[in-house]
1. Quickly estimate the mean residue ellipticity at 222 nm for the chain, helices only: each DSSP H run with n ≥ 4 gives -39500 (n - 2.57), and the total goes over all residues, rounded to 500.
2. Return a whole-number percent for the relative contact order of region 190-302, with Cα pairs under 8 Å and 6 or more residues apart as the contact set.
3. Sort region 20-85 into rounded, prolate or oblate with this rule: let a ≥ b ≥ c be the square roots of the eigenvalues of the Cα gyration tensor; rounded if a/c is under 1.5, and if a/c is not under 1.5, prolate when a/b is larger than b/c, oblate otherwise.
4. When the Kirkwood hydrodynamic radius is evaluated over all pairs of different C-alpha atoms of region 78-232, what value in angstrom, to one decimal, is obtained?
5. Where does region 203-248 land on Rg(C-alpha)/(2.2 N^0.38 Å)?
6. Apply the Karplus curve 6.51 cos²θ - 1.76 cosθ + 1.60, θ = phi - 60°, to the phi angles in region 30-47 and return the couplings in whole Hz, x for Gly and Pro.
7. If you fit an axis through the alpha-carbon atoms of helix 159-182 and take the longest principal axis of the Cα set of the chain, what angle between them do you get, 0 to 90°, nearest 10?
8. In whole Å, what is the distance between the alpha-carbon centres of region 1-68 and region 98-173?
Amino acid sequence: MKRFEGRTAVITGAGSGFGLEVARIGARKGMNLVLADVQQDALDRAAEELRAAGAAVLAQRLDVSKGAEIEALGAAVAARFGAPNFVFNNAGIGAGGLIWESTLKDWEWVLGVNVMGVVHGVRVFTPMMLEAARNDPSFEGHITNTASMAGLVNMPNMGVYNVSKHAVVSLTETLYQDLRLVTDQIGASVLCPFFVPTGILASDRNRPAELRDAGGLSKSQLIGKAMTEKAVGSGKVTAAQVAGFVFDAIENDRFYVYSHPNALSGVQKRLEDVVQGRNPTDPFASRPEIGASLKAALRAAD
Ligand SMILES: NC(=O)c1ccc[n+]([C@@H]2O[C@H](COP(=O)([O-])OP(=O)(O)OC[C@H]3O[C@@H](n4cnc5c(N)ncnc54)[C@H](O)[C@@H]3O)[C@@H](O)[C@H]2O)c1
């Protein structure tokens with residue numbers, strides 16, 4: 001997809017981080033913006049800023065894990081702008097800890113938002129775009145789903161997140177192949193960022209009360225949180241740069257979108273493990289001090 005002006009973008013998680021930065025670029029390119037987020041105040045601020053920047057904005061508060069709410073968004077988008085040209089299924093949350101310590105509520109929350117949110121976006125908007133493509137040979141569309149480097153490797157002590165992001169990579173690779181079977185007018189990309197400073201560290205702010213555990217975080221979850229805080233906090237690539245990479249990928253029909261291509265050696269190691277039937281390589285082999293301190297922290301007596 002090469003042209004953006006006058007075309008419509010649907011962005012989930014538009015109130016912060018990558019979603020907000022993609023919306024800002026969309027506004028600069030003259031796109032109509034559909035902003036969706038679960039956090040009302042962040043959504044209101046984003047809508048106000050982007051309207052002031054001159055964009056036509058439809059802002060809708062919703063929880064992407066709820067199918068009916070994305071279906072209602074689809075109806076609202078159809079009524080206001082018609083089929084979208086660009087859909088950014090991006091809303092997501094971070095969580096960690098040893099995989100057996102993730103509670104049922106942890107699994108429901110993380111898979112609900114990170115996986116089912118993308119499922120709903122694809123299931124609601126792709127048919128709208130395909131219909132538009134059938135009716136108009138000049139229609140161009142693109143769907144970008146936000147996964148993570150955690151969708152391509154499996155770092156320990158963040159299992160629930162890894163599972164969710166591998167699912168998004170799988171879903172999006174399949175989406176790409178399925179689209180190629182039926183149309184040349186709609187493309188797909190998967191965004192796989194490494195650590196980038198955004199609001200992700202405070203994901204708990206939007207955790208619904210019914211999916212919270214009374215006991216709070218376990219020891220491994222607290223350790224994982226501290227490690228992620230350090231890694232995200234020291235990230236040098238900005239969310240605005242990542243949003244730029246998203247648009248570059250759309251314009252150049254590139255599927256995999258990375259924030260830190262230099263971090264792909266871990267992916268290569270993993271895929272070599274897979275094809276050679278080798279046991280999973282120690283992810284801390286090149287930084288043994290990090291692995292050693294994680295082990296020490298987890299094995300220390302309470
Ligand atoms: N920042 C990173 O280092 C990093 C790395 C890899 C992947 N990601 C992914 O990037 C995506 C965007 O996250 P971010 O880093 O910009 O974080 P962020 O917290 O700044 O933005 C996420 C947005 O999603 C919204 N959101 C959360 N739950 C929602 C729900 N149920 N329904 C609708 N909206 C909801 C939040 O309110 C927030 O505005 C996520 O999918 C995340 O997993 C982030």
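Read-outs throughout are calculated quantities, based only on the coordinates presented, and are distinct from any laboratory measurement. Everything numeric here is computed off the predicted structure, so don't read it as measured data. Note: ideal-geometry Cβ built from the backbone for every residue, glycine included; neighbour counts use all protein chains shown.
1. -15000 deg cm²/dmol
2. 36 percent
3. The shape class here is oblate.
4. 16.7 Å
5. This ratio for region 203-248 stands at 1.62.
6. Karplus-based 3J(HN,Hα) across region 30-47 equals x, 7, 6, 10, 10, 10, 10, 7, 7, 9, 4, 5, 5, 5, 4, 4, 5, 4 Hz.
7. 30 degrees
8. The distance from the Cα centre of region 1-68 to that of region 98-173 comes to 19 Å.
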